[in-house]
Structure formats: C-alpha cells, structure tokens
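Engineer: Below is one structure. I have some questions about it.
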Amino acid sequence: MLKLCVLVSGGGTNLQAILDAIEAGKITNAEVAAVISNNPNAFALQRAKRAGIEHVCVSPKSFAERRLFNRALLEKIRSYEPDLIVLAGCMVVLPKELIAAYPNRIINIHPALIPAFCGTGYYGLTVHEKVLERGAKITGATVHFVDEGTDTGPIILQKAVEVLQDDTPETLQRRVMEQAEWVIMPEAINLIANGRVSVENGKVRIDGGDR
Ligand code: GAR
C-alpha cells in the first residue's frame with residue numbers, strides 16, 4: 001500500500017479528488033497518511049478532518065528563520081514515512097533537502113501544459129491570467145515529478161483543455177480543474193501505486209500502455 005503525504009495551501013479540491021478516487025476505487029493500493037498545510041486557514045485541512053485523516057499545519061510564520069521552517073517541514077513529513085509526497089496546490093518553495101531526500105517520489109500538479117506557462121511566478125490564478133493575456137487557444141494541466149528546478153521534473157500525465165473566447169481567469173481555472181486536474185492527478189497516483197511508472201533518462205515511462 002503506497003502511503004501518501006499530501007501538501008496543500010488552499011481550497012484542496014485536488015486533495016478532494018484524490019480522496020474521492022480512493023473511495024470510489026479509482027485509485028487502488030494507496031492511502032493518504034497525512035495532509036500538511038503551510039496555511040492554517042486552508043480549507044484543505046477541513047477536508048482532511050472531515051475524511052478522518054491526520055492533518056497538521058507547519059507555517060513558515062511560526063519560525064524565526066526559513067532554515068528552521070525547512071527543517072521542521074522535513075521532520076514532519078519524515079514522521080509519516082511516506083512513499084510518495086503529493087503537492088496538491090502547495091504554494092511553498094520546497095526545501096532542497098526535501099527534494100534530495102525523495103528523488104522521483106514527489107509529484108506536483110501544475111495548471112498548464114508544461115513547458116508552457118510554468119516556472120517562477122506561475123502559480124494558481126496567475127497562470128490562467130497569463131494564458132488569457134497571450135491569447136492561447138489551448139491550455140490544460142500537467143502532473144510531473146519534482147526536481148530541484150521550478151516545474152522542470154519528468155512529466156507523468158498531461159491533459160489539454162480548450163480556452164473559450166469569453167473566459168475569465170476564474171472560469172478558465174474552474175474548467176482546467178474539472179476537465180484536467182481532478183482527472184490526471186488521481187490517475188497519476190493510481191499508476192504509481194500500481195507500479196506502472198518509471199523514470200528513464202529523465203523521462204517517464206508508463207508500463208502497459210500510455211495510460
Ligand atoms: C490548482 O489549480 C493547482 O494546479 C495549482 O493551485 C491550485 C490549487 O487548488 N497549483 C499551482 O499553481 C502550483 N504551481 P486546490 O487547492 O483546490 O487543489
């Protein structure tokens with residue numbers, strides 16, 4: 001059974017999609033061991049509570065120095081002995097030590113088709129604002145492994161979503177979540193939990209076909 005530690009910062013709709021997929025049997029061989037938020041007011045913590053899952057806040061604001069926060073976060077994650085760390089709307093820059101400690105064992109959902117609209121400064125609603133500013137006709141979401149760069153790790157799954165003429169950042173964000181994020185995040189976890197994902201030469205291979 002793959003033990004997941006899910007890191008969140010906000011609403012937690014991706015966390016909910018994971019919990020629902022486990023409940024529905026769409027993710028097998030995996031369980032959420034804990035949910036960690038940097039933000040004490042994240043609604044994701046309420047979702048974890050409602051599901052009876054261990055949840056905790058580790059906030060940078062509670063520490064005098066970033067170094068101390070980084071250490072506390074790493075220790076907290078280690079205490080749950082996770083097999084996979086899932087960044088589900090986690091807006092914290094991860095400590096280098098954490099990334100080094102879990103190579104190809106941290107995944108992230110990004111609300112665009114990497115390598116478009118990604119990197120430093122591209123997070124949450126801002127991504128969709130930039131997609132609309134540029135007049136892109138197609139966007140989507142990406143699940144990828146996390147390496148030391150920003151949105152640079154091996155891509156696991158992607159799903160395209162149409163941009164509509166009258167979209168606002170909010171309507172586009174909602175459609176990308178519904179049509180892409182909540183689909184590919186659970187799917188990627190299920191593939192990993194069932195031993196179908198490997199990384200070769202920096203690229204992901206999915207055994208038994210593309211999906
Ligand atoms: C999601 O759209 C996710 O893709 C994005 O934050 C949102 C969190 O929503 N993540 C990033 O932008 C990471 N760079 P949620 O809390 O409802 O799951």
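The values are calculated or read from the model by the stated rules, or taken from the named source; none is laboratory data. Please read these numbers as outputs of a predicted model, since none were measured by experiment. When we count neighbours, we look across all protein chains shown, and the Cβ atoms used for this are built from the backbone with ideal geometry, even at glycine. For accessibility, only protein heavy atoms count, side chains too; no ligands or nucleic acids. Shrake-Rupley method; radii C 1.70, N 1.55, O 1.52, S 1.80 Å.
Engineer: Is one or more of the residues making up region 184-205 within 16 Å of the ligand (Cβ to nearest atom), in contact with a strand residue (DSSP E or B) (Cβ under 8 Å, 6 or more places away or on another chain) and basic (Lys, Arg)? Give the steps one after another, and end with the answer.
Structural biologist: We begin by selecting, within region 184-205, every residue within 16 Å of the ligand (Cβ to nearest atom); these are 184-189.
Narrowing further to those that are in contact with a strand residue (DSSP E or B) (Cβ under 8 Å, 6 or more places away or on another chain): 184-185, 187-189.
Filter once more, so that each one left must be basic (Lys, Arg): none.
Checking region 184-205: not a single residue is within 16 Å of the ligand (Cβ to nearest atom), in contact with a strand residue (DSSP E or B) (Cβ under 8 Å, 6 or more places away or on another chain) and basic (Lys, Arg).
Engineer: Select from region 77-97 the residues that are within 16 Å of the ligand (Cβ to nearest atom) and either within 16 Å of Gly149 (Cβ to Cβ) or crowded, with 16+ Cβ neighbours inside 10 Å (or both) and list them in ascending order.
Structural biologist: Filtering region 77-97 down to residues within 16 Å of the ligand (Cβ to nearest atom) leaves 85-94.
The answer is Ile85, Val86, Leu87, Ala88, Gly89, Cys90, Val92, Val93, Leu94.
Engineer: Could you run through region 82-134 and say how many residues are closer than 20 Å to Leu19 by Cβ and of a type in the set (S, T, N, Q)?
Structural biologist: Summing the residues that are closer than 20 Å to Leu19 by Cβ and of a type in the set (S, T, N, Q) in region 82-134 gives 1.
Engineer: Is it the case that region 118-141 has a residue that's within 15 Å of the ligand (Cβ to nearest atom), under 21 Å from Ile27 (Cα atoms) and not acidic (Asp, Glu)?
Structural biologist: Within region 118-141, one or more residues are within 15 Å of the ligand (Cβ to nearest atom), under 21 Å from Ile27 (Cα atoms) and not acidic (Asp, Glu).
Engineer: Also, I was wondering about something else. (1) within 16 Å of the ligand (Cβ to nearest atom); (2) not in a loop (DSSP other than H, G, I, E, B): which one isn't true of Asn41, the others all being true?
Structural biologist: (2)
Engineer: Can you name every residue in region 4-25 that is within 16 Å of Gly52 (Cβ to Cβ) and either within 14 Å of the ligand (Cβ to nearest atom) or open to solvent by 20 Å² or more (accessible area, probe 1.4 Å) (or both)?
Structural biologist: Val6, Gly12, Leu15, Gln16, Ile18, Leu19, Asp20, Ile22, Glu23
Engineer: Quick check on my filter: what residues within region 182-211 are farther than 10 Å from Leu157 by Cβ and in contact with a Ser or Thr (Cβ under 8 Å, 6 or more places away or on another chain)?
Structural biologist: Trp182, Asn190, Ala193, Asn194, Arg205, Asp207 - these are the residues of region 182-211 that are farther than 10 Å from Leu157 by Cβ and in contact with a Ser or Thr (Cβ under 8 Å, 6 or more places away or on another chain).
This table checks each residue for (1) more than 18 Å from the chain's Cα centre (by Cα); (2) open to solvent by 30 Å² or more (accessible area, probe 1.4 Å); (3) over 29 Å from Pro60 (Cβ atoms); (4) not acidic (Asp, Glu).
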| site | (1), (2), (3), (4) |
| --- | --- |
| Pro103 | no, yes, no, yes |
| Thr126 | no, yes, no, yes |
| Leu164 | yes, yes, yes, yes |
| Asn190 | no, yes, yes, yes |
| Gly208 | yes, yes, yes, yes |
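Engineer: Could I ask something else about it? Scan (1) assigned to a loop (DSSP other than H, G, I, E, B); (2) within 25 Å of Gln16 (Cα to Cα); (3) modelled with pLDDT of 95 or more for the single condition Arg175 breaks and write down its number.
Structural biologist: Unmet for Arg175, out of (1) assigned to a loop (DSSP other than H, G, I, E, B); (2) within 25 Å of Gln16 (Cα to Cα); (3) modelled with pLDDT of 95 or more: (1).
Engineer: Can you say whether Glu31 is more than 16 Å from the ligand (Cβ to nearest atom) and in contact with a strand residue (DSSP E or B) (Cβ under 9 Å, 6 or more places away or on another chain), as far as the supplied structure shows? Step through it out loud before you land on a result.
Structural biologist: Working: more than 16 Å from the ligand (Cβ to nearest atom): yes; in contact with a strand residue (DSSP E or B) (Cβ under 9 Å, 6 or more places away or on another chain): yes.
Answer is yes for this residue.
Engineer: For Glu23, only one of the following conditions fails: (1) over 25 Å from Asp147 (Cα atoms); (2) touching a strand residue (DSSP E or B) at 6+ places or on another chain (Cβ under 7 Å); (3) not small (Gly, Ala, Ser). What is its number?
Structural biologist: Of the numbered conditions (1) over 25 Å from Asp147 (Cα atoms); (2) touching a strand residue (DSSP E or B) at 6+ places or on another chain (Cβ under 7 Å); (3) not small (Gly, Ala, Ser), the odd one out for Glu23 is (2).
Engineer: Another one. Among the candidates Glu181, Glu170, single out the residue that is touching a residue at least 40 places away in the same chain (Cβ under 8 Å), within 12 Å of the ligand (Cβ to nearest atom), surrounded by fewer than 19 Cβ atoms within 10 Å (Cβ to Cβ) and assigned to a helix (DSSP H, G or I).
Structural biologist: Result: Glu170 is the single residue among Glu181, Glu170 that is touching a residue at least 40 places away in the same chain (Cβ under 8 Å), within 12 Å of the ligand (Cβ to nearest atom), surrounded by fewer than 19 Cβ atoms within 10 Å (Cβ to Cβ) and assigned to a helix (DSSP H, G or I).
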